[in-house]
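Here's the structure, in structure tokens; my notes come after.
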């Protein structure tokens, strides 16, 4: 079976726990699919009885720990009255009597359980209890870090990228003036306006300011074409304008935006929310 994410940290924490406390047996496991706890790490065991054991919520000492999300302990496992006894066979085969179980909790969800055990019916001392809790905290921190790294490295949900949205926006701006139906043309321009508003809100949030230059619809059309990589001649052909007219709109937009080049104008327009 493939090693569960976090098993290395769990193994290290159990080893440190045993060294710090002198407990003869320590073991534990992490939840698979957020539901099933399987004992996968043991240190000091003399039999394979516990390895691979599946623990269900509410069953045995570990199941009680899962259900309550807090440490639980028994002084004599076989005769304990406050736990169920589904796992007496494996526990007896390993010769365990006094057992402590500590949950591994990340963001209020139990992700695993660490156990420490004696082969004598003796109370678990405060020093051992504190060490077991500290070991569980170490695993919790490691899992929290793994979760965050995984979140940062996970690509966004499938869907159009922002660059694809920008391309679609440019195509809509080019198409709108050619639409003879005034109602349909207004609907296309309304969609463009929604994209502009969305980008404008993001830009205002990032810069702490709102508002932008009052570009005319044609100046916006030209900038959208330029943003897609079109030359003046290409933009003119797409928009049904003369190249000189495109240059005029572009110069006017650059002046309003305080830009010195075509691409500076595009960047400034995006920052101002005039383009997505």
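The values are calculated or read from the model by the stated rules, or taken from the named source; none is laboratory data. This is a predicted model, so every value here is computed, not measured. Cβ coordinates were reconstructed from backbone atoms using ideal geometry, including for glycine residues, and neighbour counts include every protein chain displayed.
Quick look at the values:
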quantity	calculated
Members of the stretch 249-266 that are in a helix (DSSP H, G or I) and surrounded by 15 or more Cβ atoms within 10 Å (Cβ to Cβ)	249, 250, 252, 253, 254, 256, 257, 262, 265, 266
Filter pass, residue 89 being in the same structural domain as residue 129 (by TED's automatic domain parsing), out of contact with any strand residue (DSSP E or B) (no Cβ under 8 Å at 6 or more places or on another chain), over 20 Å from residue 118 (Cα atoms) and touching a residue at least 24 places away in the same chain (Cβ under 8 Å)	no
From 73, 20, residue being within 20 Å of residue 125 (Cα to Cα) and out of contact with any strand residue (DSSP E or B) (no Cβ under 9 Å at 6 or more places or on another chain)	20
Complete set of residues in the stretch 23-39 that are surrounded by fewer than 20 Cβ atoms within 10 Å (Cβ to Cβ), farther than 22 Å from residue 94 by Cα and either touching a residue at least 40 places away in the same chain (Cβ under 8 Å) or touching a helix residue (DSSP H, G or I) at 6+ places or on another chain (Cβ under 8 Å) (or both)	34
Test result for residue 20, surrounded by fewer than 21 Cβ atoms within 10 Å (Cβ to Cβ), in a loop (DSSP other than H, G, I, E, B) and in contact with a helix residue (DSSP H, G or I) (Cβ under 9 Å, 6 or more places away or on another chain)	no
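To keep it simple, each residue is scored yes or no on (1) assigned to a loop (DSSP other than H, G, I, E, B); (2) modelled with pLDDT of 95 or more; (3) in the same structural domain as residue 53 (by TED's automatic domain parsing); (4) over 27 Å from residue 144 (Cβ atoms).
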{"position": "84", "(1), (2), (3), (4)": "yes, yes, yes, yes"}
{"position": "93", "(1), (2), (3), (4)": "no, yes, yes, yes"}
{"position": "101", "(1), (2), (3), (4)": "no, yes, yes, no"}
{"position": "104", "(1), (2), (3), (4)": "no, yes, yes, no"}
{"position": "115", "(1), (2), (3), (4)": "no, yes, yes, no"}
